[in-house]
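Inspection log for the structure reproduced underneath, given as C-alpha cells.
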Amino acid sequence: MARADGSPPQKLTAKPGDWQALREELHGLLTTKAALVVVVADCWVRYFLMELPDEIVSLDDSFLLLNARFENLYGQPAAEWTIQADWHKGEPMLACALPRNLLQALEAYALRSLQPQLVVMWRQQCASLPPTGAWCFVRDGVSTLLYWQEGVLRLVRQLRCADVDALLSLELLRLGAPLPTERFWSGDARPLHWLPREVAA
C-alpha cells in the first residue's frame, strides 16, 4: 500500500484476512486525511467473466445478474462482497469481487486508487501483448489464468496447485479455440514451454 503523495509503500503487520486488525493498524499509522493507493493481492479477489444479454438494459438489472453470477460460481453471499465490472455489451466483460470488510477497513481514508493486482498488471501490459495468447500469473499460492483472442478477454480462472496446461486445453476445447502459440508465465515454477514475463511486485 502506498500513499498518493509518493511516499514509499507501507509494509503492514496485520495478519492477512484480519480486516479488523488492518483497520486498527492503519488507524495508528495514518491520519484520516491520508490519500492511499491500494493494490489488492489476487488471493483476496474473485474474478469471473460475464456477458450481458441483450434484454438487460438497466444498471440495476445488470447488478442483479452480476451478483447472481457470482453466487452461482463461488457459493457465497454477494452481500459480503463488493462486485464491480468493466461494463460493456457485445463481448465478455471482466468482473471482480473484493471482500466488503476490506473496503470497510479503508473507508476512513481518501482512496486515490483501489485495484486488484490482476487489473493493474493487465492495464500496464495489455498493449504490448500479442492479439491472441494466454498468461498465467502466479503469486501467493494462487494461479490466475487468462486467455484472450483478437484482443478480447475470453477466459479468466483462479486455481491452486492445478495443472494449468490441462485446464487451458479443456477451456479452449469448450470455447472452440486453438491453443495459442504465445503463452506467458509470471511467477515461480514456470513450465519450459511458457515464456517468462516480468511484472512489477
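The values are calculated or read from the model by the stated rules, or taken from the named source; none is laboratory data. Keep in mind it's a predicted model, so treat the numbers as computed, not measured. Reconstructed Cβ throughout: ideal geometry from the backbone, glycine too, with neighbour counts over all protein chains shown. Just the protein is used for accessible areas: all its heavy atoms, side chains included, with ligands, DNA and RNA removed. Shrake-Rupley method; radii C 1.70, N 1.55, O 1.52, S 1.80 Å.
Using only the C-alpha atoms, the convex hull of region 111-201 corresponds to 111 Å³ per residue. In sequence order, region 125-140 has phi-based couplings of 10, 4, 5, 9, 8, x, x, 10, x, 9, 8, 10, 10, 10, 7, 6 Hz under the Karplus curve 6.51 cos²θ - 1.76 cosθ + 1.60, θ = phi - 60°, and Gly or Pro positions carry x. Placing a pseudo-label 7 Å from each Cα along the Cα-to-Cβ vector at residue 189 and residue 170 gives an inter-label distance of 1.6 nm. For residue 185, the amide hydrogen comes within under 5 Å of the amide hydrogens of 136, 195, 197, counting only partners 5 or more places away or on other chains and with H modelled in the peptide plane. Projecting the alpha carbon convex hull of the chain along each direction and taking the average yields 12.7 nm². With every protein chain in place and a 1.4 angstrom probe, the accessible-area ranking of 107, 91, 198, largest first, reads 198, 107, 91. Overall, region 162-201 carries a charge dipole of about 80 debye about its Cα centre when +1 sits on the Cβ of Lys and Arg and -1 on the Cβ of Asp and Glu, all other atoms neutral. Quick check on the chain: helices-only [θ] at 222 nm, where DSSP H runs of length 4 and up contribute -39,500 (n - 2.57) each and the sum goes over total residues. Nearest 500, please. Rounded to the nearest 500, the figure is -8500 deg cm²/dmol.
State, to one decimal in nm, how far the label point of residue 21 lies from the label point of residue 127, with both points 7 Å from Cα in the Cβ direction. Placing both labels 7 Å along Cα→Cβ, they lie 4.1 nm apart. Mind listing the long-range amide H neighbours of residue 81? Cut-off is under 5 Å, sequence gap 5 or more, other chains count too, H placed in the peptide plane at 1.01 Å from N. The answer is 100. Can you bin region 42-153 into rounded, prolate or oblate? Criterion: square roots of the alpha carbon gyration tensor eigenvalues sorted a ≥ b ≥ c, rounded for a/c under 1.5, prolate for a/b above b/c, oblate for the rest. Here region 42-153 falls in the oblate category. Projecting the Cα atoms of 81, 62, 45 onto the charge dipole of the chain (Cβ charges, centred on the Cα centre) puts 45 farthest toward the positive pole.
Quote the relative contact order of the chain in percent (integer), defining contacts as alpha-carbon pairs under 8 Å separated by 6+ residues.
RCO, the chain: 19 percent.
Across region 38-53, coupling constants 3J(HN,Hα) worked out from phi with the 6.51/-1.76/1.60 Karplus curve, θ = phi - 60°, read 10, 10, 9, 4, 5, 5, 9, 10, 10, 10, 6, 9, 8, 10, 7, x Hz, and Gly and Pro carry x. Starting at the first residue of region 141-155, write each ³J(HN,Hα) from the Karplus equation 6.51 cos²θ - 1.76 cosθ + 1.60 with θ = phi - 60°, in whole Hz, x for Gly and Pro. Whole-Hz 3J(HN,Hα) from phi for region 141-155: x, 10, 9, 10, 9, 10, 9, 10, 9, 6, x, 9, 5, 10, 8. Put simply, the amide H of residue 177, placed in the peptide plane, has no neighbours under 5 Å, leaving out anything fewer than 5 places away on its chain.
Taking every DSSP bridge with both residues inside the chain, close to 70 percent are antiparallel.
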